[in-house]
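Below: the structure, in structure tokens.
Every read-out reported here was derived from the displayed coordinates using simple, explicitly stated rules and does not represent laboratory data. Predicted model, so just to flag it, every value in this text is computed and none were measured. Note that each Cβ is placed from the backbone with ideal geometry, even for glycine, and that neighbours are counted across all protein chains shown.
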Amino acid sequence: MRILIASDEQPLAQRLQTVLADQGLDCPIGHVVTLDVIADRSGLARPDLIVFMLPGDPRAGLPALRETRNTLPHVRMLAIGPATDPKLILETLKQGADEFLDRENAEAELAGAVDRYRSLHIQREEGPKAGRVVALLSPSGGSGASTLAASIATTLAQEYGDCGLIDLRMGVGDQAAMFDLRPARTLADLCDHVTRLDQSLFDQFLVRHASGVWLLAAPTQTADLVRVTCKGVRRALALARVRFSHVVIDMGNPLTPEQIEALWQADWILLVLRLDYTSVRNTRRIIDAMAELGIGRDRMRLVVNGLGQRRQLEVPQAEAAVGMKVYHQVPWDDAAVHAAVNRGVPLVLHRRFRKISRSIRALAHSVNGVGR
């Protein structure tokens, strides 16, 4: 069972950790966070239970409680505060808490709440599962990562009924063109409403394609780029995990703070490169940069795109230079790619029987953990 404690009072948080340990539950120090970040951290940690400690002014903590509930509507939340004010208790429950525990007897009340939680058999594996996030990162321009992202999302949508697709190529916004969509709203608009963003409002920023892909488009106007925030990206991904079983992110090559937020939440990071000196060099550089940020290689996969062009580097040469084995190879088929892009149709739909489409579908199934 994964538990988060939200508290601005470290001594009380430590006592609650002891209670959980006595119950045989581990809540490491990294799972004790302050109220101002709990909504964002909960989306990343994917807890089964959140213990929310109201601050000295209890009502001042209710916005963070509501924001956390909007981010994770199915997670059980226990609020701890003064039990002397019936109106506060009622308001706390309305804002999203499942139970209200008395601060004056917090340890005993928490132990009882945990016992009740267990008796209901509310286990993570039985409830709604957090969606899997796959980010496609292009260390060099022209690698074809956007084409792959569109087709991977389409394949997963066909397999599971729908799929989330988030375009983080700020100022470019290729994914809307890939699907011939004209979004009325973008990620920049979502960020403007982040403090009141819940699941129903989140859906209003998405545009659906007939394939089952739901796109959160990137802003294309320069003036809109400054409206995109790390908090907005974190919240969008947290809500997308709840909304979809799979989320695909199309990313450019600069490691901006917003890009880094997405990488932190990704289950898999597909590094899409071509077999030329510049692409291989930049891939090695971006791997080293991610390592410095604490993003482990265990989540990274090398994908060679455009295999079969003349005068390419050999795959073993690229592997030696990057220091990582190639996970998947997508064959070169320039005619099919251009035809799909020009029609605004994902490649796996426009040229579904071509070798390149079969290869991309295999890649999509593999990142899902399903061999085909």
(message) Going Cα to Cα from residue 94, which aspartates and glutamates come in below 18 Å? Please leave out same-chain ones fewer than 8 positions away.
(response) 57, 67, 85, 102, 198
(request) Within 10 Å, count the other beta carbons around each residue, average over each peptide in 292-302, 189-199, and list them highest first. (result) 189-199, 292-302
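Wrap a convex hull around the Cα atoms of the range 266-305, take a quarter of its surface area, and give that in square nanometres.
Details: hull surface 10.5 nm².
So the Cα hull casts an average projection of 2.6 nm².
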(message) If I take every Cα pair under 8 Å that is 6 or more residues apart in the range 240-372, average their sequence separation and divide by the length, what percent do I get for the relative contact order?
(response) 18
(message) Quick query: amide H of residue 132 versus all other amide H atoms, modeled in the peptide plane; which residues come in under 5 Å with a sequence gap of 5 or more or a different chain?
(response) 246, 247
(request) Any chance you could give the angle, 0 to 90 degrees and rounded to 10, that helix 334-343 forms with the longest Cα principal axis of the chain? (result) 60
(message) At a 10 angstrom cut-off on C-beta neighbours, averaged per residue, how do the peptides 19-29, 132-142 rank from highest to lowest?
(response) 132-142, 19-29
(request) For helix 230-243, report the angle its Cα long axis makes with the longest principal axis of the Cα atoms of the chain; keep it between 0 and 90° and round to the nearest 10°. (result) 90
(request) Above 25 angstrom, tally the Cα pairs of the range 3-119 and express them as a % of all pairs, no decimals. (result) 11
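Taking only the alpha-carbon atoms of the chain, what semi-axes of the equivalent ellipsoid follow from 5 times the gyration tensor eigenvalues under a square root, in whole Å, largest first?
42, 21, 18
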(message) Bins of 10 Å, beginning at zero and ending with the bin holding the largest distance: percent of Cα pairs per bin for the range 235-295, please.
(response) 18, 50, 26, 6, 0
(request) Kindly provide the Kirkwood hydrodynamic radius of the range 323-369 in Å, to one decimal, from all pairs of distinct alpha carbon atoms. (result) 11.4
(request) For the range 59-120 and the range 6-34, write down the distance between their C-alpha centroids in whole Å. (result) 15
(message) Tell me the angle of helix 106-119 to the major Cα principal axis of the chain, expressed in degrees between 0 and 90 and rounded to the nearest ten.
(response) 60
(message) Can you order the peptides 267-280, 51-64 by their average number of other Cβ atoms within 10 Å per residue, highest first?
(response) 267-280, 51-64
(message) Report the Cα-based extents of the range 177-246 along its three principal axes, largest first, to the nearest Å.
(response) 30, 28, 16
